[in-house]
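In what follows, a single structure is set out as structure tokens and then discussed.
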Amino acid sequence: MISFYFKEAFKIFKRSPFAAIVIVSITTIAVLMCGFSAGMIYFSSKLADKIKRNIEVSVFVDDYLNDNQVKEIETLLTGISSISNVRFIDKDEAAEEFIRETGEDFREILSENPLPRSFVVKFNPDRINPRNFEKEVERIRKISGVTDVIYDYDFVIKLFNYLGSLQFLIYLFSAALVILSVYLVYTNSRLQIEANSQLYRTMKLVGAKLITLKIPIILYGVLVGIFSSLAALAIVYLLELLLTEILNNINFVKFINVIYLFILLLGISLGLMGGFISSRRLSLQTD
């Protein structure tokens with residue numbers, strides 16, 4: 001019986017090859033759009049995390065603190081869950097950075113180094129956002145021995161607003177692609193029925209059971225999904241080769257393997273959905 005269903009499914013391809021090509025093409029586009037949507041969400045999230053990781057806050061400490069007290073401040077900073085990295089800058093390193101950035105050596109004029117010791121703090125991107133960033137900075141400022149906390153407020157706020165707007169647009173666009181993909185699957189199902197309407201009418205007239213009509217259609221949808229996935233995978237593979245050649249310093253292996261699996265499962269799911277929707281439109285009525 002299984003071989004019969006497969007034969008009937010492949011007969012649909014043979015009876016309407018043009019419709020099959022159109023359906024596979026539509027489903028391939030739907031798969032690629034959903035894959036592109038997933039890729040956009042993934043890369044926008046990675047970009048947002050990378051930018052957040054590069055936000056730096058300078059924490060200056062009192063000159064009268066001894067080394068043990070400075071070490072205690074470093075321990076307190078490290079213990080804050082929103083902080084991912086703490087780097088201590090002593091007076092000599094601060095002087096070197098000042099000279100490197102300004103090109104002026106104050107040591108030729110001053111006998112003592114006036115620059116304070118400080119910590120450069122970076123944050124865990126999962127723990128900071130526009131709503132709690134100021135609270136986290138204020139938490140640092142209240143630590144005993146900290147004289148000041150410096151960061152570019154306008155830049156950080158604009159950065160958060162930019163990331164929020166970018167991710168919102170990407171999610172909105174991704175949702176639109178998914179909706180369009182579902183619509184394409186619906187169009188797919190209509191094409192299947194319309195392309196083979198005469199065949200189904202004939203089978204009904206000769207007394208075929210409803211399950212006998214439906215299973216080949218569902219199986220046909222699965223095959224369409226498999227063919228569409230293979231076509232989409234070939235396109236993505238070519239894009240991977242192209243991007244790897246252009247951006248040879250970026251490793252796509254981990255992400256692309258997930259995308260390959262996503263595309264394969266998505267294509268089969270969309271094909272199955274199209275076949276199932278198509279089969280529901282069938283009945284034993286001949287009019």
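A few comments on the model shown:
- Ser84 falls short on exactly one of the conditions (1) free of Cβ contacts under 8 Å to residues at least 12 places away in the same chain; (2) surrounded by 13 or more Cβ atoms within 10 Å (Cβ to Cβ), and that condition is (1).
- Residue match in the range 23-41 (condition: open to solvent by less than 30 Å² (accessible area, probe 1.4 Å) and either outside any helix (DSSP H, G or I) or in contact with a Pro (Cβ under 9 Å, 6 or more places away or on another chain) (or both)): no
- Among the candidates Ser25, Ser58, Ser45, Ser16, residue that is at pLDDT below 80 and over 20 Å from Ile215 (Cβ atoms): Ser45
- Subset of the range 127-152 [under 28 Å from the mean Cα position of the chain (by Cα) and either in contact (Cβ under 8 Å) with a residue 60 or more places away in the chain or not in a loop (DSSP other than H, G, I, E, B) (or both)]: Ile128, Phe133, Glu134, Glu136
- Of the criteria (1) outside the structural domain of Ile263 (by the TED database); (2) open to solvent by 80 Å² or more (accessible area, probe 1.4 Å); (3) out of contact with any Ser or Thr (no Cβ under 8 Å at 6 or more places or on another chain); (4) over 18 Å from Asp152 (Cβ atoms), which one Ile99 fails: (2)
- Residues that are surrounded by 12 or more Cβ atoms within 10 Å (Cβ to Cβ) and of a type in the set (Ser, Thr, Tyr) within the range 131-166 comprise Thr147, Tyr151, Tyr162, listed in sequence order.
- Residue match in the range 221-234 (condition: open to solvent by 70 Å² or more (accessible area, probe 1.4 Å), farther than 14 Å from Ile26 by Cα and modelled with pLDDT of 75 or more): no
- Restricting attention to the range 249-275, the residues being in a helix (DSSP H, G or I) and modelled with pLDDT under 75 number 6.
- Residue check for Leu115: touching a helix residue (DSSP H, G or I) at 6+ places or on another chain (Cβ under 8 Å), open to solvent by less than 50 Å² (accessible area, probe 1.4 Å) and at pLDDT below 75: no
The values are calculated or read from the model by the stated rules, or taken from the named source; none is laboratory data. Computed from a predicted model, the values in this text were never measured in an experiment. Reconstructed Cβ throughout: ideal geometry from the backbone, glycine too, with neighbour counts over all protein chains shown. Surface areas here come from the heavy atoms of the whole protein model, side chains and all, with no ligands, DNA or RNA. Shrake-Rupley method; radii C 1.70, N 1.55, O 1.52, S 1.80 Å.
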